[in-house]
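Below is one structure, written out as structure tokens, with a few remarks after it.
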Amino acid sequence: METVACPDCDLLQNIPELAPGGKARCPRCGHTVATRPRDPLDRPLALTVAAAIVFIIANTTPLMGLSAVGRHASTTLGNGAYEMWVQGQEVTAAVVAFCAVIAPGGYILFLLTVLLAVRRPPAPRWVGAMLRGAHSMQPWSMNEVMLLGILVALIKIAELATVEPGIGMYAVGGLVVLFAAMMVTFDPREVWKRVEWAHREAAGR
Ligand SMILES: [Zn+2]
């Protein structure tokens, strides 16, 4: 039994152990107060591994290629930020590098470590700190904003030069979808529960 307050009407209620894939609704207002995903750890782990692979592809392959008057140029994500820095746009370069490379990379890394560490109980104590790290990275990871920015730039440049979207661009698009899927399937409460048990066991010893 777990006592929770309804996020909608504040009614306190005891939630019994739910069946996998089950949901509990508030008896007063019908708001969903608890859910138990069918597969709370394996599915997010599979998605996070996929995201890690796609993230590496997004950062190592060209985002787009440009051809104008017989010259061809292409750039990767990190290289784009570096070029911005060299050309005197230090602040923009730092923001791009943080929101497009460091934050998503950190989120994937933290979440991957957490999901692998809790597979074999008892969960180590540092898992809680890692999970907090993942949470603090999540709002800063702005793949979708970056994708929109690149698409706008692509359309603008297309008037001046021949532009070919590179593999990196499709990878960034894939990353946007994978991040959304990770956030939907991952339930941090499942991890917290395991960390709690580990702490109680350690305290009882
Ligand atoms: Zn309610």
- prompt: Among the numbered criteria (1) of a type outside the set (A, V, I, L, M, F, W, C); (2) within 16 Å of the ligand (Cβ to nearest atom); (3) part of a strand (DSSP E or B), which single criterion is violated by S74?
  reply: (2)
query: Tell me, which residue of the stretch 36-53 that is among the basic types (K, R) and farther than 16 Å from W192 by Cα is surrounded by the fewest Cβ atoms within 10 Å (Cβ to Cβ)?
result: R38
task: With the checklist (1) closer than 23 Å to I53 by Cβ; (2) modelled with pLDDT under 85; (3) touching a helix residue (DSSP H, G or I) at 6+ places or on another chain (Cβ under 7 Å) in hand, flag the one item R119 doesn't pass.
output: (3)
Qualifying residue in the stretch 192-202 (condition: surrounded by 14 or more Cβ atoms within 10 Å (Cβ to Cβ), modelled with pLDDT of 85 or more and not acidic (D, E)): no
- request: Determine if the stretch 57-69 includes at least one residue that is away from the ligand (no atom under 16 Å from the Cβ), assigned to a loop (DSSP other than H, G, I, E, B) and free of Cβ contacts under 8 Å to residues at least 60 places away in the same chain.
  value: yes
task: Would you point out which residue out of E83, E17 is in contact with a strand residue (DSSP E or B) (Cβ under 9 Å, 6 or more places away or on another chain), part of a loop (DSSP other than H, G, I, E, B) and surrounded by fewer than 13 Cβ atoms within 10 Å (Cβ to Cβ)?
output: E17
query: Does the stretch 126-136 include one or more residues that are over 24 Å from F55 (Cα atoms) and not in a helix (DSSP H, G or I)?
result: yes
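Counting only residues that are farther than 18 Å from D187 by Cα and of a type outside the set (S, T, N, Q), which one in the stretch 7-25 is farthest from the ligand (Cβ to nearest atom)?
Only one residue fits best here, namely L12.
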task: Being among the aliphatic types (A, V, I, L, M) and within 25 Å of I155 (Cα to Cα) narrows it down to one of A19, A68, so name that one.
output: A68
task: Just name the residue that is surrounded by the most Cβ atoms within 10 Å (Cβ to Cβ) out of those in the stretch 155-167 that are touching a residue at least 12 places away in the same chain (Cβ under 8 Å) and more than 25 Å from the chain's Cα centre (by Cα).
output: V163
query: Out of L148, L178, which single residue is modelled with pLDDT of 85 or more and surrounded by 13 or more Cβ atoms within 10 Å (Cβ to Cβ)?
result: L178
- request: State the number of residues belonging to the stretch 182-196 that are in a helix (DSSP H, G or I) and of a type in the set (D, E).
  value: 2
message: I'm told P121 meets every condition in (1) assigned to a loop (DSSP other than H, G, I, E, B); (2) touching a strand residue (DSSP E or B) at 6+ places or on another chain (Cβ under 7 Å) except one. Can you identify the failing condition by its number?
response: (2)
message: Which count do you get for residues in the stretch 26-45 that are more than 16 Å from the ligand (Cβ to nearest atom), more than 14 Å from M183 (Cα to Cα) and outside any loop (DSSP other than H, G, I, E, B)?
response: 0
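The values are calculated or read from the model by the stated rules, or taken from the named source; none is laboratory data. Values in this document were obtained by computation on a predicted structure and should not be read as measured data. Neighbour counts run over all protein chains shown; Cβ positions are idealised from the backbone, glycine included.
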